[in-house]
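Undergrad: If you scroll down you'll find the structure; I have some questions about it.
The values are calculated or read from the model by the stated rules, or taken from the named source; none is laboratory data. In this text the structure is predicted, and so the values were computed from the model without any measurement. Using ideal geometry, Cβ is built from the backbone for each residue, glycine included, and neighbour counts are taken over all protein chains shown. Accessible surface is based on the protein model in full, side chains and every heavy atom, while ligands, DNA and RNA are left aside. Shrake-Rupley method; radii C 1.70, N 1.55, O 1.52, S 1.80 Å.
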Amino acid sequence: MLKEESFKYYAAPMFFFMMLVDAHLTRTFLSWSHGNYIWSTHLLLLVMFFVVTRLSQRYMIISALIIGSIFDVYYLGVLGIYAVAFPLVVWLMYLLEETLYKNLLTESFGWIILVTCIELITLGIQLLFKLTSINIVYFVAHFLGPTLLVNILIFTVLYYPLSKLFYSK
């Protein structure tokens, strides 16, 4: 476990690194499926999910806003989609903190809900500003389903190491 007093200094670079790894994993899964399915990994969100219990709400929401803005500018070219989605989901993590972090089962279901929320928020923003148009069946079958599957697998594989690293139990 990282020392409490220096942890906040490691968090921001770690978020940035996870953002980069996230994008590369997503591209890798996309190429493996030949563009038929979109497997969006959320390692950054997963790390934020575990870090929420150790850092203040203000720090995390500001970090989520900054990382979301960088994500938007670097990967999407449109500022505002992840700059809104990340802080909203982090706020939701704090709102549900007492329920989410009780045991492995609630964390697992919470993770599924949070991944679904971030995907629906980003889709909602894109639809609101007419940046995309999508059939809901296509979205669920080719985007949300594969995204949930890969993120559940990542959560299952990384739960124990991340909980040992970040939880102060």
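Undergrad: Could you say whether any residue in the range 48-68 is of a type in the set (Val, Ile, Thr), under 15 Å from residue 147 (Cβ atoms) and in a helix (DSSP H, G or I)?
TA: No, that holds for no residue.
Undergrad: Could you check the range 23-32 and list, in sequence order, the residues that are of a type in the set (S, T, N, Q) and exposed (fewer than 13 other Cβ atoms within 10 Å of the Cβ)?
TA: Answer for the range 23-32, where residues must be of a type in the set (S, T, N, Q) and exposed (fewer than 13 other Cβ atoms within 10 Å of the Cβ): 28, 31.
Residue-wise test of (1) of a type in the set (Asp, Glu); (2) open to solvent by less than 20 Å² (accessible area, probe 1.4 Å); (3) within 12 Å of the chain's Cα centre (by Cα).
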site: 69; (1), (2), (3): no, no, no
site: 72; (1), (2), (3): yes, yes, no
site: 88; (1), (2), (3): no, no, yes
site: 91; (1), (2), (3): no, no, no
site: 101; (1), (2), (3): no, no, no
site: 111; (1), (2), (3): no, yes, yes
site: 127; (1), (2), (3): no, no, no
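Undergrad: Among the residues of the range 129-169, which ones are open to solvent by less than 30 Å² (accessible area, probe 1.4 Å) and under 19 Å from residue 85 (Cα atoms)?
TA: Those that are open to solvent by less than 30 Å² (accessible area, probe 1.4 Å) and under 19 Å from residue 85 (Cα atoms): 139, 144, 147, 151.
Undergrad: State which residue pairs qualify: first residue free of Cβ contacts under 8 Å to residues at least 60 places away in the same chain and more than 10 Å from residue 87 (Cβ to Cβ) and inside the range 49-74, second residue open to solvent by 70 Å² or more (accessible area, probe 1.4 Å) and in a helix (DSSP H, G or I) in any location, beta carbons under 7 Å apart, and separation of 6 or more residues or different chains.
TA: From residues that are free of Cβ contacts under 8 Å to residues at least 60 places away in the same chain and more than 10 Å from residue 87 (Cβ to Cβ), the pairs are 55/8; 59/8.
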